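The structure appears below as structure tokens.
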Amino acid sequence: MRYPADTRPEGPLMTDTSPILLAHILNGPDRGVCDETKLIHTLREDTLGWVHLSGTHGAAEDWIMTHLDYLDPQAAEALLDVDTRPRMMALGDGLMIILRGMNWNEGEDPEDMVSVRMYIDAHRIVTISRKRVRSIELLDSEIRRGRGPESAGAFLVQLIEYLVAGIGKFQTSLDKQAETLEDAVIAQGSESLRREVVDMRLQVIAALRFLVPQRDVLSDVVRSDAPFIDLVTRREIEEEAIKMTRIVEDMEELRDQTMVLREELSGQLSDRLNKNMFVMSMASVIFLPLGFLTGLFGVNVGGMPGVNDSHAFADLAIICAVIAVVQILGLVMLRWIGRRR
């Protein structure tokens, strides 16, 4: 899935008093972008209309309560909810569906997924989000070109396809990043890689928080008996549900992989520390008796042997060297040093 640099809709509908971002009539002779007055009329009739609202607009709640007063109160409440998780709820002949898409907004983390709340039935589609959703904008772009869906089922399928494709793109990028990171951990084992491993694990965990329930939501939609979901629509959504399941499984595998990488990195750093400590210990073993010997002969008191002998220093140096060699040979025979570690 390739996303354009900017897919903002061209519609000039949102004003200080109206929270409408997008408004379309999806079938019939008046198919295309429409104004607010025509949209309100369309949403009450049999012609299929779609409105996308800004959840952060101050007039969003009043607009929904005024112009969508025929909706189930639970649907209105769910549309306006700030903190959401993916879920599906059957309301009469319609469905209240909350999904998540990757956050491709500039300066934000993709795993901080954006919410799309949607009420959909055979004659009206109401979506609302608090941030830009690329999948919504891509769908709007397709409709403006005359290639968009003409039924509620087709709309739902296409929106799910865009959302799942964006999630798949994110998962693929993490897969490639994990492969590169794994090679770096095995080849270098640098402590600086620990931060990258932790960051990736946090990304995966944050995404799984929404992806796991979203997988279940798509399965619930497949099993739904909503009138606008025909056999073809059901099969296409089932295919996207299978893709979503595979993505979740891959993300869970990535989570486990980052844990293994972290343990491998910690093990390498621990082995390196142990090796350095071993070298220092062996040096201490060798130099401890030598230090004792030289310290003993360095005592400045009467009666020290060799004080008046001009060869005493050379003799002491030779004795120290012999002791050091004997110690090294002994450590080699004990296989404390000299073996492949």
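The values are calculated or read from the model by the stated rules, or taken from the named source; none is laboratory data. Please read these numbers as outputs of a predicted model, since none were measured by experiment. As a convention, Cβ positions derive from the backbone with ideal geometry for all residues, glycine included, and neighbour counts pool all protein chains shown. With ligands, DNA and RNA removed, areas are computed over all heavy atoms of the protein, side chains included. Shrake-Rupley method; radii C 1.70, N 1.55, O 1.52, S 1.80 Å.
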All but one of (1) in contact (Cβ under 8 Å) with a residue 12 or more places away in the chain; (2) assigned to a helix (DSSP H, G or I); (3) open to solvent by 50 Å² or more (accessible area, probe 1.4 Å) hold for residue 171; which doesn't?
(3)
Just to be sure before I move on: is residue 70 hydroxyl-bearing (Ser, Thr, Tyr) and outside any strand (DSSP E or B) in the structure I sent?
yes
List pairs: first in the stretch 48-61 and farther than 21 Å from residue 121 by Cα, second at pLDDT 90 or above and open to solvent by 20 Å² or more (accessible area, probe 1.4 Å), Cβ under 6 Å, 6+ apart or cross-chain?
56/130
Can you list the strands (runs of 3 or more DSSP E) lying wholly within the stretch 81-142 that have 1 or more residues being surrounded by fewer than 19 Cβ atoms within 10 Å (Cβ to Cβ), at pLDDT below 95 and of a type outside the set (Lys, Arg)?
87-91
Taking the stretch 237-277 and keeping only residues that are over 26 Å from residue 200 (Cβ atoms) and without any contact (Cβ under 8 Å) to a residue 40 or more places away in the chain, one is left with 238, 239, 241, 274, 276, 277
Looking only at the stretch 174-189, which residues are open to solvent by 40 Å² or more (accessible area, probe 1.4 Å) and either of a type in the set (Gly, Ala, Ser) or under 30 Å from residue 232 (Cα atoms) (or both)?
187
Among what's in the stretch 245-275 and is among the hydrophobic types (A, V, I, L, M, F, W, C) and surrounded by fewer than 18 Cβ atoms within 10 Å (Cβ to Cβ), pick the residue that is farthest from residue 196 (Cα to Cα).
273
A careful count of residues in the stretch 160-177 that are within 12 Å of the chain's Cα centre (by Cα) and of a type in the set (A, V, I, L, M, F, W, C) gives 3
Top-ranked residue of the stretch 319-338 - restricted to ones that are in a helix (DSSP H, G or I) and of a type in the set (Gly, Ala, Ser), ranked as nearest to residue 286 (Cα to Cα):
324
Filtering the stretch 25-63 down to residues that are more than 36 Å from the chain's Cα centre (by Cα), polar (S, T, N, Q) and open to solvent by less than 80 Å² (accessible area, probe 1.4 Å) yields 27, 42, 47
Flagged in the stretch 143-157 as open to solvent by 30 Å² or more (accessible area, probe 1.4 Å) and not in a loop (DSSP other than H, G, I, E, B), in numbering order, are 144, 154
Condition first: part of a helix (DSSP H, G or I) and open to solvent by less than 40 Å² (accessible area, probe 1.4 Å). Now tell me which residues in the stretch 221-244 satisfy that.
221, 222, 233, 237, 240, 241, 244
Subset of the stretch 65-74, residues open to solvent by less than 20 Å² (accessible area, probe 1.4 Å) and modelled with pLDDT of 90 or more, comes to 68
